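Some notes on the structure that comes next.
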Amino acid sequence: MSSEENYKIRQEKSLNHLFDGSLLNVYEKNIVNLGVGAPGPDLLENCTSIFENATSHRMAKENENGNFFLFQYGPNDGTFGVRNEIAKYLSDQYKSPVFHEDIVITTGATHGLHLIISTFIDFEGYIFIDEAVYFIAINVFRQFPTLKIIPLRLTNEGIDLDHFEELLKSNKFHSKGKLFWGMYYAIPTYHNPTGITFSDKVCKSLVSLARKYDILIACDDVYNILNYKDPLNPAKRLYSFDTVEDPDYKGHVISNGSFSKIISPGIRMGWIEAPPRCKKPLVDSGLISSGGCTNNYTAGLLESLFTLGSAQTHIKTLYNAYCDRMKATCEVLKENMPEGCSFHEPEGGYFIWIKLPEDKDSNDLLKLAMDKYKIFFLPGNRFSIENKMQNCFRISIAFHPSDLLKQTALKLCQAIQEFLN
């Protein structure tokens with residue numbers, strides 16, 4: 001068949017979810033998939049009842065006020081009600097203030113990231129990313145083909161700051177059309193894929209560099225409240241280091257959040273927390289101003305979820321499950337990890353990053369793990385724009401129950417041992 005004939009063929013797959021029909025199909029029963037960063041059905045089951053109650057609550061409110069604003073184009077940044085509920089909840093979780101005036105409703109962190117790039121970054125400019133980074137973000141950056149993407153070396157405390165400053169010095173230019181010539185895409189808290197958390201020293205230095213070289217830092221803050229070490233003393237957000245009290249403050253950091261990991265990915269709800277000089281360009285952007293709040297109906301239901309206390313209870317349920325799953329998995333790995341291999345035990349989040357000896361390729365391990373042990377994970381080179389990190393791989397604790405994770409972690413260690421032998 002010729003390529004011209006291919007243009008005429010319509011294709012349709014009957015799919016039930018994002019992972020359906022691919023190696024990432026985490027619902028497949030004959031293999032334990034540790035590659036997917038999403039809550040499992042046991043954690044989503046409660047959504048039917050809490051959203052039913054929230055819908056009833058919200059419909060009663062709409063009938064009472066008689067204006068039916070829920071079904072109208074929403075305010076560009078989202079209603080005061082939902083932004084205020086989000087700000088109150090996050091302030092409590094972060095143990096630092098979040099202001100409703102700074103929030104813009106999005107349909108999730110990936111939408112937020114795309115919006116940030118298209119609004120603020122010169123299309124002839126630069127995106128700085130970690131040498132190991134969320135692989136879907138790489139796909140987002142590549143949708144802007146004129147942007148130059150530069151990887152940064154990672155350490156156990158964050159990024160190599162000297163290396164970063166060298167790159168900033170050598171690439172800086174004056175943008176004539178956009179607010180920033182470059183952007184650093186950061187995942188500073190419970191990093192995806194490595195699980196590390198940037199130290200306070202690194203965060204302070206990053207803010208100083210952003211101000212000195214006038215770049216934007218876009219923080220992927222989707223895991224911040226999943227703090228398993230000390231919930232009463234969460235890690236300070238990188239966003240909080242860009243403080244308005246500083247004499248050289250302008251606002252160089254944006255926080256990009258999502259409810260996908262802590263309520264449900266299907267509701268497509270997220271938020272951007274932006275400093276004053278960045279919020280106005282966001283809400284005035286064509287993507288938002290054309291239709292107003294990007295998810296006004298669901299945002300109304302989310303407001304009711306928080307008003308009723310259902311969101312807080314549901315998030316706590318997911319938090320407890322994730323905490324148990326992370327600790328159970330790490331315990332097995334600590335006891336059974338073969339000599340010459342290592343992993344970082346995260347203090348929160350979804351992911352564990354495992355390192356094989358330098359001369360080993362996790363793609364080869366994956367073949368053995370799938371064929372004999374029926375385990376799937378994501379090889380490290382998937383997270384590298386330079387196709388490096390082959391000796392590393394990522395596993396997720398989010399989807400499967402603790403008992404299955406413990407069994408699978410033990411089998412994974414056995415697979416690694418066989419592979420090394």
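Read-outs: derived from the displayed coordinates by stated rules, not from any lab. This one's a predicted model, so the numbers in the text were calculated from it and none came from an experiment. No Cβ is skipped: glycine too gets one built from the backbone with ideal geometry, and neighbour counts run over all protein chains shown.
Pairwise Cα distances in segment 116-199 exceed 21 Å for 31 percent of all pairs. Label 7 Å along Cα→Cβ of Glu165; segment 186-207 residues with amide nitrogen under 18 Å? Output list for this probe position: 199-207.
Enumerate the residues in segment 107-125 having an amide nitrogen under 17 Å from the point lying 7 Å beyond the Cα of Thr146 toward its Cβ. Answer for this model: 117-125. Pairs over the 29 Å Cα-Cα cut-off, from the set Lys172/Lys280; Lys201/Lys279; Lys8/Lys374; Lys261/Lys388: Lys8/Lys374. Within segment 146-303, antiparallel bridges make up roughly 45 percent of the DSSP beta bridges whose residues both belong there. Placing +1 on the Cβ of every Lys and Arg and -1 on the Cβ of every Asp and Glu, with nothing else charged, gives the chain a dipole about its Cα centre of roughly 300 debye. Dipole of the chain computed with +1 at Lys/Arg Cβ and -1 at Asp/Glu Cβ about the Cα centre; of Ser290, Leu412, Thr110, farthest Cα towards the positive end is Ser290.
What value, in deg cm²/dmol to 500, does the helix sum -39500 (n - 2.57) over DSSP H runs of n ≥ 4 give at 222 nm once divided by the residues of the chain?
-12500 deg cm²/dmol
Phi angles across segment 18-32 convert, under the Karplus curve 6.51 cos²θ - 1.76 cosθ + 1.60 with θ = phi - 60°, into 3J(HN,Hα) values of 4, 8, 5, x, 9, 4, 7, 5, 6, 8, 5, 7, 8, 8, 8 Hz, Gly and Pro given as x.
How much length would be gained if the chain were fully extended between Met59 and Gln407, taking 0.36 nm per residue of separation minus their Cα-Cα distance, in nm to one decimal?
That works out to 120.7 nm of additional length.
For the peptides 313-324, 109-120, residues were scored by their other Cβ atoms within 10 Å and the scores averaged per peptide; the highest-first order is 109-120, 313-324. Comparing Gln11, Asn139, Pro234 along the charge dipole axis of the chain, the residue lying farthest to the positive side is Gln11, per the Cβ-charge model. Under a 5 Å amide H cut-off, with hydrogens placed 1.01 Å from N, Asp130 pairs with Leu152 among residues at least 5 apart or on other chains.
Each principal axis of the chain carries a Cα extent, and these read 68, 62, 54 Å when sorted largest first. Considering only beta bridges that DSSP places wholly inside the chain, some 50 percent are antiparallel.
Across segment 69-309, C-alpha contacts under 8 Å between residues 6 or more apart give a mean separation that, scaled by the residue count, equals a relative contact order of 29 percent. The label-point distance for Ser49 and Asn156, in a model that sets each label 7 Å from Cα toward Cβ, rounds to 4.5 nm. Computed from the C-beta positions of Leu287 and Leu18, the FRET efficiency with R₀ = 30 Å rounds to 0.85.
All Cα-Cα distances of segment 69-309, cut into 5 Å bins from zero to the largest, leave 1, 6, 14, 19, 21, 17, 12, 7, 2, 1, 0 percent in each bin in turn.
By the Stokes-Einstein formula, at 1.306 mPa s and 10 °C, segment 201-353 with its Kirkwood radius over alpha-carbon pairs has D equal to 87 µm²/s. Taking 41 Å as R0, compute the FRET efficiency from the Cβ-Cβ separation of Leu179 and Asn233 and round it to 0.05. About 0.75, to the nearest 0.05.
What is the sum of charges around Ser362, taking Lys and Arg as +1, Asp and Glu as -1, for the other residues whose C-beta is under 13 Å from the C-beta of Ser362?
On the way: positive: Lys355, Lys360, Lys367, Arg382, Lys388, Arg394; negative: Glu358, Asp359, Asp361, Asp364.
Charge balance near Ser362 sits at +2.
Placing R0 at 41 angstrom, the Cβ-Cβ distance between Asn6 and Leu368 gives a FRET efficiency of 0.70 after rounding to 0.05. Distances between placed amide hydrogens fall under 5 Å for Leu179 paired with no residue 5 or more residues away or on another chain.
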